[in-house]
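What follows is a single structure, written as structure tokens, with notes after it.
The values are calculated or read from the model by the stated rules, or taken from the named source; none is laboratory data. Here the structure is a predicted model, which is why all the values come from computation and not from measurement. Cβ sites come from the backbone with ideal geometry, for glycine too, and all protein chains shown count toward neighbours.
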Amino acid sequence: MAGESESRIPSGPAISWPSVLVVFLLLAAASYGALIKAPEEATMGLVQRIFYFHVSSAWTGFIAFILVFIGSIAYLRTRALKWDWLSVASAEVGVAFFTVVLVTGPIWAKPVWGIWWTWDARLTSSFLLWVLFVSYLILRTLVDEPERRAMVAAVFGIFATLDIPLVYFSIWWFRTQHPQPVIGNGGSLDGRMWQVLMLCWAATLGVMALLIRIRYRLEAMRMEVDALRLEASRNSR
Amino acid sequence: MSLVHATATILAKELRTEFRSRELLGTTIVFVLIVIVLFSFTFNPTSSESRRFGPGLLWLAFLFAGSLMLQPSFLREQTNDTLAALRLAPIDPFSILAGKMAANFLFLLLVELILLPVFAVLYNIAIFPILAPLVLVLALGTIGLATTGTVFSAVAAQARLRELLLPLLLLPVLAPVLIASTEATVGLLRDPSELSPVWLTFLTSFDVVFLTAAWLFGEYLLEE
């Protein structure tokens, strides 16, 4: 039974209920703000209210991808698996938020632009970004050994995040040379709309933090189970 | 052994391995030829249409070729168990990666230069007047392709389904290269022809960003 205490990997305490409650209250307030409190947009009407969650999800997704970058670099520097757990948790949550962006976008675009999708700069780059991090997650499923998986995923994660600005600039320059579809907000945003947007962003950030925390703990526990199983099979032999 | 010297040694080794069999180059050239023929069915390859779609198709064919051709770069070492021997050498680990990148760059550029005239003839594109700037664009795009491709080849070599995985990792990351090289080539074919400084700068920055990233983080991939 020697070495039992060292081999255990700390997965951290369970998610505390107050933090869940805070995030839910934020989410409720943001929904109230976006659906009822915010003024109705003059030309687009009701469907414009999707904008608050659409934009805040995109910003939050970006932050999650930046966390992948930080986690990947920190893993390569320290070789502590906890950084890999942060990367995988952030990548999954980031992909989830970008899925929300890619689904809510067309729902808004159909009544406003009359089409579900157009190969506009921002749409194309969001789509490509989503594909990049889906590839990251697929790569992770194809490597079994934890240390090796963490290492190759970290290198690819760094390359993928470095690609984000390049993707944006290239597509932006590429598309601005072509006729552009009319994008709704040429002007400035109403003050109250800004407040609601910020509230929504705070709420989605809260959801992101919570989900990353849960997914991180799950990954840690998975490792712990694997380690225990290995130990058990060694002891029985 | 200095980095440059070690890199040159690895490069020479890669070239020697390839030119003994020439299987990689031959197969890739035929593959791109097949892609070029198949593309001709997707649109009417008249002169004006070719000028519009040709550069994109050409670059797409090169990217596909790269995503298949770079596969053996690390796989060869793995099947022969020679990567461990390379790692034991008293050289900077980055030089292994750099030598392979340089070799892959030369292979890809050679394939491109052989296929460029074929493509020009088949698709009625006059490339002679713009040959020098076109080769510059080809070289800059190919540096980006070879850099990321070599690193991802090392990534994919450690995973299952590696043949399928490499294109999956490589193609989305290379989307900016596809756009920039295609647009630069389209600019060259325009009348009057112009070499867009924006896209040249962009390709150069892509190469610099990923060469630096490969230099900083690539050597982790060579660990056992």
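Quick look at the values:
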{"read-out": "Unique match (being buried (at least 16 other Cβ atoms within 10 Å of the Cβ) and of a type outside the set (A, V, I, L, M, F, W, C)) among B:Gly99, B:Gly26", "value": "B:Gly99"}
{"read-out": "Breaking point among (1) within 30 Å of B:Glu219 (Cβ to Cβ); (2) not in a helix (DSSP H, G or I), for B:Asn104", "value": "(2)"}
{"read-out": "Test: B:Ala156 is more than 20 Å from B:Leu58 (Cα to Cα) and touching a helix residue (DSSP H, G or I) at 6+ places or on another chain (Cβ under 6 Å)", "value": "yes"}
{"read-out": "Filter result (facing chain B (nearest Cβ under 7 Å) and touching a residue at least 40 places away in the same chain (Cβ under 8 Å)) within the stretch A:163-178", "value": "A:Val167, A:Ile171, A:Phe174"}
{"read-out": "Residues located in the stretch A:136-149, provided they are facing chain B (nearest Cβ under 10 Å) and surrounded by fewer than 21 Cβ atoms within 10 Å (Cβ to Cβ)", "value": "A:Ile138, A:Arg140, A:Thr141, A:Leu142, A:Val143, A:Asp144, A:Glu145, A:Glu147, A:Arg148, A:Arg149"}
{"read-out": "Qualifying residue in the stretch B:4-21 (condition: without any contact (Cβ under 8 Å) to a residue 40 or more places away in the chain, surrounded by 15 or more Cβ atoms within 10 Å (Cβ to Cβ) and out of contact with any His (no Cβ under 6 Å at 6 or more places or on another chain))", "value": "no"}
{"read-out": "Close pairs (6 angstrom Cβ cut-off, 6 or more residues apart or separate chains): farther than 27 Å from B:Leu178 by Cβ in the stretch B:64-90, of a type in the set (D, E, K, R) anywhere", "value": "B:Leu83/B:Glu77"}
{"read-out": "Unmet criterion (only one of (1) touching a Leu at 6+ places or on another chain (Cβ under 8 Å); (2) of a type outside the set (Asp, Glu); (3) modelled with pLDDT of 90 or more; (4) more than 22 Å from B:Arg162 (Cα to Cα)) for B:Ile34", "value": "(1)"}
{"read-out": "Set A:Phe127, A:Phe69: member being aromatic (Phe, Trp, Tyr), in contact with a Leu (Cβ under 9 Å, 6 or more places away or on another chain) and free of Cβ contacts under 8 Å to residues at least 60 places away in the same chain", "value": "A:Phe127"}
{"read-out": "Tally, over the stretch B:182-214, of residues that are more than 10 Å from chain A (Cβ to nearest Cβ) and within 18 Å of the chain's Cα centre (by Cα)", "value": "7"}
{"read-out": "Some residue of the stretch A:150-162 being more than 9 Å from every other protein chain (Cβ to nearest Cβ) and aromatic (Phe, Trp, Tyr)", "value": "no"}
{"read-out": "Condition broken by B:Leu161, with the remaining ones in (1) facing chain A (nearest Cβ under 9 Å); (2) surrounded by fewer than 19 Cβ atoms within 10 Å (Cβ to Cβ); (3) on the phi < 0 side of the Ramachandran plot satisfied", "value": "(3)"}
